[in-house]
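The structure appears right after this line, and notes come after that.
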Amino acid sequence: MDNQRVIYSEMNLAKNPKRQQRKPNGTKSSIPETQQEIIYVELNLHNAAQDLRGDDTSYHCKDLLLPPEKLIAGILGIICLVLMFMVAGVLLASYHCGRCPEEWFTYSTNCYYIGKEFKTWDESVTACASNNSNLFYIENEEEMKLLGSLSLLSWIGVSRKSRCHPWVSLRSSTFKFNITETEYAKRNCAMLYKYRLQSDECGSSKPYICKHKF
């Protein structure tokens, strides 16, 4: 409606240019009629601009109002992020608690330490016990191959009383893997040599490997 008034006023101005020279009949107003019309048009334009700004504000306010579906989706997204952070924190905490000591390495659920000194079999057992671990005991062939690739030779936690007795682990269970016999007598302690096991004298000095679970 305001735009129609503006166009109508402009048309009147174009049709009646003589009004610009008309003088007022009375003395009530010193402002020419043409100037009054121009002021009226300007006021209408100002009011129209304010109306447009008001409509634009209400339009943006409507945009800010989210439908229920979007609001629910946003809340669910925030909840998912919180849960993800909580799970990540638990995993990091468990990893920190189960981490191996310094200079030890991890394989599967075990920690391993390769001794830097040469010790007899008995000394190796004592050294590992002082670190709250056991002299290396083999649980499967894959583990044996892994440790064989890291250490040329080392003591393992298997021994026997004599050639007439079976090989027994430190856990007092019969050892199931094959141990190659050497020609010399009194070789009643087992060692890992490359990728196989063989007997050797318990009093000889060799590297050792300690092992413990998380």
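Any read-out appearing in this document is the output of simple, stated calculations on the displayed coordinates, not a laboratory observation. Model, not experiment: these values are computed from the prediction. Positions of Cβ are backbone-derived with ideal geometry, glycine not excepted, and every protein chain shown enters the neighbour counts.
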I want the local charge near residue 160. Using Cβ-Cβ distances under 15 Å, sum +1 for each Lys or Arg and -1 for each Asp or Glu among the other residues.
+2
Out of residues 5 or more away from residue 206 or on other chains, whose amide H comes under 5 Å of its own, with H placed 1.01 Å from N in the peptide plane?
119, 120
Efficiency of FRET from Cβ geometry, residue 142 and residue 162, R₀ 45 Å, rounded to 0.05
0.90
